[in-house]
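Peer 1: Please read through the structure below; I'll follow up with questions.
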Amino acid sequence: MRWFDNLFLHAGGGSGHEPAHGGFVGQGMLTAAVSGDVFTSPPVNSILAAIRAVTGPKGCLLVVTNYTGDRLNFGLAAEEAKSEGYKVEMVIVGDDCALPPTRGIAGRRGLAGTILVNKVAGAAADAGLPLEEVAEQARHASKFVGTVGVALSVCTLPGQETSDRLGLEQIELGLGIHGEPGAAVTELQPVDVVVSRVLKQILSSETRYVPITSGDRVILLTNGLGATPTMELMIATRKAVRELQLEYGIATDRVYTGSFMTSLDMQGFSISIMKSDATILQCLDSSTKAPCWPAGTNGDRQKPAKISVPAPPSCAMKSDKMLQQSRELTKEGCILEACIEAGAKEIIRIKDSLNEWDSKVGDGDCGTTMYRGAIAILDDMKKCYPMNDAAETVNEIGATVRRVMGGTTGILYDILCKAAYASLKGIKTVEAKHWANALQASIVAISKYGGAREGYRTMLDALIPASEILRERLEAGDDPLDAFIVSSEAAMTGAESTRHMQAQAGRSSYIAADKLASAPDPGAMAVAAWYRAVALSLKSMSCHSKS
C-alpha cells in the first residue's frame with residue numbers, strides 16, 4: 001500500500017514562498033502541495049486534480065493559510081470534491097500576531113507557523129488516525145502558535161519594479177508574506193531590540209493570541225524570508241531563546257532555524273512560537289521523508305510519485321464542437337462580442353495603474369492578474385465562446401478566468417460569472433432587465449461567499465452602486481443605453497469613494513487607514529473600468545446603427 005492511500009494531507013498557496021509547500025511533501029508530512037502563480041492561490045481545478053489523484057478511502061485534510069483567495073479556492077474545491085464522494089476536511093491557519101484583533105472579516109494571516117501545523121497533522125495522518133482526529137490535532141496546534149515577521153527590504157515581484165516605501169535606515173514590523181506593507185515602520189535597530197519587540201507582540205497579554213504564560217514550554221521557529229543568511233537567523237534565534245527564558249520564564253523544547261516559508265527575495269525573518277505539549281512534541285519528533293523538514297528523517301529521501309491525472313477539457317477541445325455549429329453571429333451575438341472585447345481591452349490598457357494602486361494597498365499584482373484574464377478572454381472568445389447564447393458565453397468567461405487568474409480575484413470573478421449564468425440560463429432573448437437581474441445575482445453570490453458588503457473597500461463598492469442605479473433607471477422607463485451609461489458613472493464614483501474607506505476584507509484590511517487613503521481599491525477600479533467600457537461600447541454601436 002502506498003503511504004498516501006491512508007489519508008491525504010494537502011497544503012498549498014501561491015508560489016514565491018519556497019520551500020513551502022512543495023518542500024514538505026513526503027511520508028510523515030504532506031501528501032501533496034499545489035502552487036498557484038506568484039503570491040496567488042492555485043485555481044480550483046488544480047486543487048481538485050490533486051484531491052482526485054491521491055485521496056484514499058480515509059479522505060483528505062486541506063491545510064490552508066488564512067488568505068481570502070486560499071479560503072475561497074480551497075473551499076470551493078472541497079465542496080466539489082465532497083459532491084463527488086470524497087471525504088474532505090479543511091483547517092484554516094491564521095497565526096499572525098502583528099495586528100489588532102478586530103480587522104473586519106479577514107482575520108489573522110497565515111504565516112510560517114503553518115509549517116509546524118503541517119508537521120503535526122502529517123505525523124497524525126502517518127500514524128493512521130482517522131480524518132476527524134487528524135483535523136482536530138491540526139486545529140489544536142494552530143490555536144497554540146503565533147508569528148510576527150520583520151523585514152529590511154520589500155520583495156521584488158517578477159517583472160515589476162520594487163517598491164521604495166522602505167528607506168535604507170528603516171525596517172518594517174508585522175508584515176505579511178506577499179510584499180504588503182507591515183503594521184509599523186521604524187528606524188533600523190539592532191537585532192536584539194527587534195527580537196525583543198517581536199516576542200512582546202506574540203506574547204502580548206492584551207491580544208492573548210497564544211495561550212502561553214510563564215512556566216510554559218514552547219517550540220521556537222526562526223524563519224528566513226528569502227534573502228537572510230542562516231548566520232543572521234541563528235543570531236536572532238540565540239536572542240529569542242535567551243529572552244524567552246530570562247524575561248518570560250518560558251523554556252524551549254525544540255528550536256528550528258532556517259528558511260521554511262519565504263517571500264521571494266525579502267530580507268528579514270519571522271519568529272513563530274508554539275505552546276508545547278506531549279502530543280505536539282511526539283508529532284514534531286516523528287520521522288518524515290519530507291526533504292525540507294530540518295530534523296528527524298530516518299532514511300533515504302522519498303522519490304516523488306508520478307501520477308497520471310486526466311486533464312479537464314480545454315477550450316481548444318471545446319472549440320471542435322463549436323466549429324460544427326453555425327459561427328454566423330446574430331445581432332445580439334455581435335453586440336455581446338464587441339462589449340466583451342471593449343471590457344477586456346480596457347483592463348489591458350490600465351494594467352500599470354492597477355498595479356500601482358495595488359502596490360500601495362496590497363501586494364502589487366492586481367493589474368497583472370486582471371491583464372492575464374483579459375488576454376485569455378480575448379483569445380478564448382474567438383475559439384470557444386458561443387456568442388449567440390449570452391448565458392453560455394458568461395459561463396465560458398468564468399471558466400477562462402478560473403483557469404488563468406487564480407487568487408481571490410479569479411475565484412470572485414468565477415463566482416460572479418456562475419451566478420450571472422444561472423440568472424440568464426434559459427432566456428432566449430436577453431434584454432437589459434435580464435442583465436440587471438444577472439448583475440444583482442452576482443452581487444448576492446460574491447457577498448455570500450466572500451463575506452464582503454458595500455463599504456468594505458472591495459469590488460462590491462463599484463458593482464452595488466451600478467446595480468442599484470441600473471435597476472432604478474430601467475424601472476423608471478429610461479432608455480436602456482442611457483441607463484447603462486448612468487450606472488457606469490455610479491460604478492466609477494463608487495470605486496473612487498473607496499479611498500475614504502477602511503478595508504474590512506482582503507489584504508488591504510491589514511493596511512493602516514492613512515496608507516489606504518493614497519489609492520482607491522484596485523479591484524473596484526477594475527470593475528468600474530470594464531463596466532464603463534462595456535457601456536460606452538453599447539452606446540457607440542447604437543449611434544453607428546442610427547447614422
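The values are calculated or read from the model by the stated rules, or taken from the named source; none is laboratory data. What you see is a predicted model, and the numbers here were worked out from it, not measured in a lab. Cβ coordinates were reconstructed from backbone atoms using ideal geometry, including for glycine residues, and neighbour counts include every protein chain displayed. Heads up: the accessible areas ignore ligands, DNA and RNA and are worked out on the full protein's heavy atoms, side chains in. Shrake-Rupley method; radii C 1.70, N 1.55, O 1.52, S 1.80 Å.
Peer 1: Among the DSSP beta bridges whose two residues both lie in the chain, what percent are antiparallel, rounded to the nearest 5?
Peer 2: Details: 21 of 48 bridges.
If we restrict to bridges inside the chain, about 45 percent are antiparallel.
Peer 1: For residue 375 and residue 232 in the same chain, what is the full-extension length gain: residue separation times 0.36 nm, less their Cα-Cα distance, in nm? Working shown, then result.
Peer 2: Details: separation 143, 0.36 × 143 = 51.48 nm, distance 4.35 nm.
Additional length available on full extension: 47.1 nm.
Peer 1: Follow-up. Output ³J(HN,Hα) for the stretch 503-513: one whole-Hz value per residue in order, computed from phi by the Karplus curve 6.51 cos²θ - 1.76 cosθ + 1.60 with θ = phi - 60°, and x for Gly and Pro.
Peer 2: 4, 10, 8, x, 5, 5, 5, 8, 9, 5, 4
Peer 1: While we're looking at this one, here's another question. Need the list of aspartates and glutamates near residue 289 for cross-linking: C-alpha distance under 12 angstrom, and skip anything on the same chain fewer than eight residues off.
Peer 2: Counting by Cα, and skipping residues close in sequence, residue 289 has these aspartates and glutamates nearby: 126, 300.
Peer 1: Over the alpha-carbon set of the stretch 403-497, work out the extent along each principal axis and list the three values in angstrom, largest first.
Peer 2: Principal-axis extents of the stretch 403-497 (Cα, largest first): 39, 36, 22 Å.
Peer 1: Right, next: Accessible area per residue for the stretch 425-533 in Å², computed with a 1.4 Å probe and the full protein assembly in place, what is it? Mind dumping the intermediate values first?
Peer 2: Values: 4670 Å² over 109 residues.
That works out to 43 Å² for each residue.
Peer 1: Taking only C-alpha pairs under 8 Å that are 6+ residues apart, what is the relative contact order of the chain in percent? Can you show the working numbers first?
Peer 2: Numbers: 1146 pairs, mean separation 80.0, N = 547.
Over the chain, the number comes to 15 percent.
Peer 1: If you count, for each residue, the other Cβ atoms within 10 Å and average over each peptide, how do 177-184, 81-88, 248-255 line up from highest to lowest? Write out the running numbers ahead of the final one.
Peer 2: Details: 177-184: 24.2, 81-88: 14.8, 248-255: 16.6.
With the highest mean Cβ count within 10 Å placed first, the list reads 177-184, 248-255, 81-88.
Peer 1: Out of the total accessible area of the chain (probe 1.4 Å, heavy atoms of protein only), what percent is carbon and sulfur? Show your work: numbers first, answer last.
Peer 2: Numbers: 12140 of 22980 Å².
Whole-percent figure for carbon plus sulfur exposure: 53.
Peer 1: Run the helix sum for the chain: -39,500 (n - 2.57) per DSSP H stretch of 4+ residues, divided by residue count, reported at 222 nm to the nearest 500 deg cm²/dmol. Write out the running numbers ahead of the final one.
Peer 2: Details: 18 runs with 266 residues, N = 547.
Value at 222 nm, helices only: -16000 deg cm²/dmol.
Peer 1: Quick one: helix 522-546 against the long Cα principal axis of the chain, what's the angle to the nearest 10°, folded into 0 to 90?
Peer 2: On a 0 to 90 degree scale, this one is about 10.
Peer 1: Here's something else I'd like to know. How are the C-alpha pair distances of the chain spread across 20 Å bins, as whole percents from the shortest bin up?
Peer 2: Result returned by the calculation: 21, 51, 25, 4, 0.
Peer 1: Follow-up question, since we're still on this one. Would you kindly work out the equivalent ellipsoid of the stretch 1-130 from its C-alpha gyration tensor and give its semi-axes, the square roots of five times the eigenvalues, largest first in whole Å?
Peer 2: On the way: eigenvalues 107, 53, 38 Å².
Taking √(5λ) for each Cα gyration eigenvalue gives 23, 16, 14 Å.
Peer 1: If you count only protein heavy atoms with a 1.4 Å probe, what accessible area per residue comes out for the stretch 1-145, rounded to a whole Å²? Provide the component values of the computation, followed by the final result.
Peer 2: Details: 4420 Å² over 145 residues.
In whole numbers, the stretch 1-145 has 30 Å² accessible per residue.
Peer 1: Ranked highest first by the average count of other Cβ atoms within 10 Å around their residues, in what order do 477-483, 420-426 fall?
Peer 2: Values: 477-483: 14.9, 420-426: 18.1.
Going from most to least packed, we get 420-426, 477-483.
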